[in-house]
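Below is one structure, written out as structure tokens, with a few remarks after it.
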Amino acid sequence: MIEVSYSPGDLEEKWYAKWLENNLFKGKISPDKIPYTIVIPPPNVTGILHMGHILNNTIQDVLVRRARQKNKSALWIPGTDHAGISLQIKVEKELAREGKTCRDIGREAFLERAKDWREKQGGIILEQLKKLGVSCDWSAIKYTQDPDYSRAVLSTFVKLYEQGYIYRGSRFVNWCPVSMTALSDEEVIMRQQDSFLYYVKYEIVERSGEFLSVATTRPETIMGDVAIAVHPSDGRYKDLKGLHCWRPIGREQIPIIGDEAVLKDFGTGALKVTPAHDVVDFEIGQRHGLKTITVIDQNGKLNALAGPEFEGLDRFEARQKAVEYLREKGLLFKEETHINNVGFSERADVPIEPVLSEQWFLKYPRLEEAKLVVQENFIHFRPERWAKTYMHWLENIKDWCISRQLWWGHRIPVWYRKGAERRDSKNWHVSVDGPGDPENWERDEDVLDTWFSSAIWPLATLGWPDGKAMEKMGFDYFYPTADLVTGPDIIFFWVARMIMSGLNLLGDENTALTPGEIRKRIPFQNVYFTGIIRDNFGRKMSKSLGNSPDPLDLIEKYGADGVRIGLLSMAPSGQDILFSEDRVAQGKKLCTKLWNSFRFRQQNGMEGDRGSIEAIVRAMDVQFLEADDIAILGKLLNLIDEFEHAMGDYEFNRAVHLLHAFFWNDYCDWYIEISKARVNGTVLAIHDLLLRQLLLLFHPFIPFVTEELWHGHGYGTKFIGEELLESSDQLRTYLSKVYLGKAPALIEEVESIRELVVAARTMKAQFGLSSTRDVKFYFKADATAKAIIERHLRDIKYLLSTKFFDETEEILKLSTGVVALGSLYIDVAKNFNIAAETKRLKNEIDRLSRFIEINEKKLHNEDFLVHAPAEIIEGARSLLEENIVKKKELQAVFLRLSTL
RNA sequence: GGGCGGGUAGCUCAGUUGGUUAGAGCAACUGGUUUACACCCAGUAGGUCGCAGGUUCGAGUCCUGUCUCGCCCACCA
């Protein structure tokens with residue numbers, strides 16, 4: 001038995017605890033079952049739960065629960081990510097509030113604080129996810145800095161180093177002057193900036209008083225200029241080649257050179273060459289053997305080489321100062337507004353500085369194979385179009401700067417011989433455990449990019465590379481994982497890198513990648529990219545905008561089930577999602593409605609055995625079966641087929657919509673209502689069958705309420721999550737005595753009765769008659785239709801609240817409704833408004849006339865008759881006939897009206 | 001500059017390989033407590049499918065162009 005009212009809060013907490021107690025989510029190695037594995041995209045330990053997590057994890061939970069229903073052995077591995085820069089920044093901010101910096105307290109103390117922080121706060125997000133009902137195997141939980149995981153990360157580094165993919169080099173990198181670390185290209189966000197283009201006068205040494213105009217957006221780097229470059233073929237500057245000009249700040253002679261990299265049509269066609277602070281300039285410098293003058297340090301401040309007036313200034317203050325200086329000296333031709341693209345540091349949100357520095361780089365392994373596995377659908381992207389994005393990235397890929405000048409993270413497993421030249425690899429020791437004589441070595445100070453450790457998530461969560469751990473976790477059984485559910489925003493950061501890691505790190509390096517071998521190595525078979533959740537104004541939901549509702553508040557208000565199904569119903573596959581709380585409210589309404597439909601069943605007595613499908617079918621007495629019963633069962637079978645199809649295509653919103661429509665419109669609004677006119681054991685058994693299957697179908701989406709109802713109605717003693725879902729074929733077998741072969745015809749029959757009832761109700765409503773008022777109805781129909789109507793007479797009368805629904809030979813009443821089965825008449829003398837009714841009829845007749853005209857033309861068109869398939873022509877023909885009859889009927893009434 | 005996605009009812013979106021009279025939810029309006037549910041029931045109204053061409057017997061659906069919004073990629077200082 002179930003309670004009168006649905007209150008999600010209590011029952012959700014109750015069932016989640018029971019599920020955990022009974023180890024329902026434990027991944028088991030069962031050789032007789034097909035494995036189904038998902039690894040969670042590990043949330044940042046610094047993150048707070050947002051709507052994106054809710055969507056993402058609901059989808060994963062639906063997939064995992066469905067897998068269990070299909071008798072697969074499911075394993076969903078949860079975990080968290082140590083969030084390198086993000087946590088480092090958090091701790092630094094905490095220190096700043098205490099008036100300290102990380103350098104004040106030193107590396108060891110800093111790491112202690114970071115660990116404290118993560119221990120206190122890092123688990124919160126997973127605890128919050130539990131409220132959503134996620135069926136993760138919590139015994140398999142993993143954190144990217146667990147000792148075994150860290151070893152896996154370092155092993156990966158060592159292996160890639162040994163394979164020759166990792167190297168150390170001095171290159172231009174994206175430098176974040178706030179975090180004081182190098183970043184990968186992916187961590188740089190290009191933004192359009194309104195800025196100024198300054199045209200600066202460079203006096204020509206050999207021609208005193210003559211100036212060259214050079215356009216720049218960065219006057220603060222003038223002190224680092226080592227040349228002025230023009231395009232060799234630029235006629236304007238032909239005669240200046242070989243001459244020199246005066247650097248306007250830090251006055252010195254610099255050469256005028258020709259270089260193809262210069263664009264003639266930008267600015268004045270003359271480029272100031274500042275090799276230390278621009279990649280193109282650096283390359284020009286290399287080509288011409290120019291020196292490099294660094295005037296901006298790694299903290300974003302100008303140094304002594306910039307001159308005493310600029311030393312110590314921040315780069316943006318320096319820009320202002322340089323402009324003022326030039327203006328005072330009359331060395332500015334002009335300043336114009338200019339929109340340029342500036343790279344920003346993703347985390348610190350400041351412009352990055354291109355800086356030449358010594359870093360560790362990774363040349364991506366298995367690039368070609370990584371393209372192939374997606375192109376050839378070894379890994380299936382959904383929606384498929386993301387494959388293009390993926391390919392484009394791989395085709396234009398550059399080596400990955402993996403070292404970070406941070407403390408929080410996996411420290412690079414490289415040691416340098418003390419006092420020896422670090423650049424010489426002879427003085428390196430690269431291993432997971434370090435050198436045997438540590439006193440002679442010093443370890444690299446830097447840590448690895450967080451994404452470097454994320455790249456092996458599907459491997460290391462399953463114990464890789466430790467043989468024993470792999471066996472314990474069932475690596476051979478559970479790998480590769482089945483579905484990865486994530487956002488397209490991390491397709492480069494994470495998805496692509498996982499694919500390359502799997503292909504490169506598993507198996508023997510020299511084994512050919514046959515299709516079989518590829519299938520063993522890929523980390524997942526499907527990648528489902530969710531949409532990004534946006535607010536009502538189309539803005540991305542974010543903390544800073546404060547436009548994201550707190551998921552926990554929503555769960556409090558609507559229940560986890562309501563939030564889950566509401567969110568899925570608004571999540572079209574692959575499209576961004578406009579969040580609306582309204583939809584979540586509808587999710588709860590659905591749960592409430594489900595609850596109440598069970599109460600209807602409950603009110604009619606709960607005797608008998610409902611513990612299995614067999615028992616329920618046994619309670620059906622064939623002689624009491626009516627058209628409606630067979631029709632609704634037939635519809636259930638159709639629903640299951642369509643539902644399975646939608647789920648197979650990962651179209652969750654369509655699947656939810658199908659369930660919703662069947663449950664609400666077909667089951668509640670129709671079948672429950674007509675059942676009220678004839679409650680008997682057979683009808684109740686049909687209700688039980690429908691309710692039971694609905695619970696199973698709904699369960700992955702709304703696990704809590706379905707669990708409660710399952711037990712409340714005694715459909716089984718096991719948890720609903722342990723039950724297998726019957727296919728439509730299996731159900732057809734169970735229901736073999738129910739004449740399901742007749743279902744298609746009966747579904748159509750019931751549809752025609754529904755149409756008739758709707759028309760009759762509309763007639764009542766049009767005359768302002770209460771839907772409960774007992775009005776006399778008359779109908780006119782041919783013999784076949786009459787037989788159908790009479791078969792459903794009891795239901796019709798019940799649904800129309802009328803005692804009188806009878807045949808008539810002639811048109812004797814004044815209002816009419818025409819449906820496929822025939823014509824309906826109603827006596828409405830008292831409420832009759834001739835004008836209104838005439839107008840209604842005229843509109844309807846006009847509409848039909850237009851339709852008839854178009855279709856007659858169509859059916860007289862030779863080309864149509866020749867080309868169109870038979871069923872289309874037949875359909876058009878019968879529809880035309882139907883409408884001609886309708887029109888005639890209406891015209892007859894119309895004529896009658898006009899004689900009054 | 002290149003690529004991708006969207007523009008269908010007031011709002012949010014469905015609309016399978018072209019094929020019967022373009023659908024749903026919300027909002028609006030009208031009427032309703034009959035054996036679950038007012039978090040409900042019954043009904044009404046509302047759309048030249050961004051625009052212009054083209055292909056076709058037939059186009060929301062395919063092609064071309066165009067406008068518009070959003071996202072991703074890209075070292076014009």
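Computed quantities for the displayed model
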item	result
Residue selected from the range A:765-788 under the condition more than 18 Å from A:VAL885 (Cβ to Cβ) and among the β-branched types (Val, Ile, Thr), by the criterion farthest from RNA strand B (Cβ to nearest atom)	A:VAL775
Within the range A:588-628, tally of residues that are in contact (Cβ under 8 Å) with a residue 40 or more places away in the chain and within 24 Å of A:TYR558 (Cα to Cα)	12
A:THR762, sole failed condition from (1) away from RNA strand B (no atom under 16 Å from the Cβ); (2) of a type in the set (Ser, Thr, Tyr); (3) part of a helix (DSSP H, G or I)	(1)
Which listed residue is within 30 Å of A:GLN193 (Cβ to Cβ), without any contact (Cβ under 8 Å) to a residue 40 or more places away in the chain and surrounded by fewer than 17 Cβ atoms within 10 Å (Cβ to Cβ), from A:GLU335, A:GLU368, A:GLU328	A:GLU328
Residue count for the range A:226-268, restricted to those that are part of a loop (DSSP other than H, G, I, E, B), more than 10 Å from RNA strand B (Cβ to nearest atom) and within 55 Å of the chain's Cα centre (by Cα)	8
Scan of the range A:588-626 for residues that are within 9 Å of RNA strand B (Cβ to nearest atom), closer than 29 Å to A:PHE652 by Cβ and of a type outside the set (Phe, Trp, Tyr), ordered by number	A:LYS588, A:LYS589, A:LEU590, A:CYS591, A:THR592, A:LYS593, A:LEU594, A:ASN596, A:SER597, A:ARG599, A:ARG601
Out of A:ARG118, A:ARG113, A:ARG151, sole residue that is away from RNA strand B (no atom under 16 Å from the Cβ) and either buried (at least 21 other Cβ atoms within 10 Å of the Cβ) or assigned to a strand (DSSP E or B) (or both)	A:ARG118
Matching residues in the range A:279-312 - criterion: being surrounded by 15 or more Cβ atoms within 10 Å (Cβ to Cβ) and β-branched (Val, Ile, Thr)	A:VAL280, A:ILE284, A:THR292, A:ILE293, A:THR294, A:VAL295, A:ILE296
Test: residue in the range A:415-429 that is within 30 Å of A:THR481 (Cβ to Cβ), touching a residue at least 24 places away in the same chain (Cβ under 8 Å) and either away from RNA strand B (no atom under 16 Å from the Cβ) or not aromatic (Phe, Trp, Tyr) (or both)	no
First in the range A:469-491 and free of Cβ contacts under 8 Å to residues at least 40 places away in the same chain and of a type in the set (D, E, K, R), second anywhere and in a helix (DSSP H, G or I) and within 16 Å of RNA strand B (Cβ to nearest atom), Cβ under 9 Å, 6 or more apart	none
Residue in the range A:313-324 that is part of a loop (DSSP other than H, G, I, E, B) and within 18 Å of A:PRO177 (Cα to Cα) present	yes
Residues located in the range A:607-635, provided they are surrounded by 21 or more Cβ atoms within 10 Å (Cβ to Cβ) and under 23 Å from A:LYS718 (Cα atoms)	A:ARG610, A:ILE616
Of residues in the range A:805-818 being part of a strand (DSSP E or B) and modelled with pLDDT under 80, the one farthest from the chain's Cα centre (by Cα)	A:SER815
Residue among A:GLU844, A:GLU837 that alone is among the acidic types (Asp, Glu), surrounded by 15 or more Cβ atoms within 10 Å (Cβ to Cβ) and near RNA strand B (Cβ under 10 Å from one of its atoms)	A:GLU844
Residue list for the range A:636-648, restricted to those being out of contact with any Lys or Arg (no Cβ under 8 Å at 6 or more places or on another chain) and either within 11 Å of RNA strand B (Cβ to nearest atom) or closer than 14 Å to A:HIS687 by Cβ (or both)	A:LEU636, A:GLU642, A:HIS645
Among the residues listed as A:ASN638, A:ASN604, the single one being surrounded by fewer than 21 Cβ atoms within 10 Å (Cβ to Cβ) and within 28 Å of A:PRO744 (Cβ to Cβ)	A:ASN638
Hits in the range A:195-217 (condition: within 12 Å of RNA strand B (Cβ to nearest atom) and in a strand (DSSP E or B))	A:SER195, A:PHE196, A:LEU197, A:TYR198, A:TYR199, A:VAL200, A:SER213, A:VAL214, A:ALA215, A:THR216
Flag for A:VAL656 being modelled with pLDDT under 95, within 16 Å of RNA strand B (Cβ to nearest atom), of a type in the set (Val, Ile, Thr) and buried (at least 23 other Cβ atoms within 10 Å of the Cβ)	yes
So A:ALA868, is it of a type in the set (Gly, Ala, Ser) and near RNA strand B (Cβ under 8 Å from one of its atoms)	yes
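The values are calculated or read from the model by the stated rules, or taken from the named source; none is laboratory data. What you are looking at is a predicted structure, and each value in this text was computed from that prediction instead of being measured. All Cβ positions, glycine included, derive from the backbone under ideal geometry; neighbour counts span all protein chains shown.
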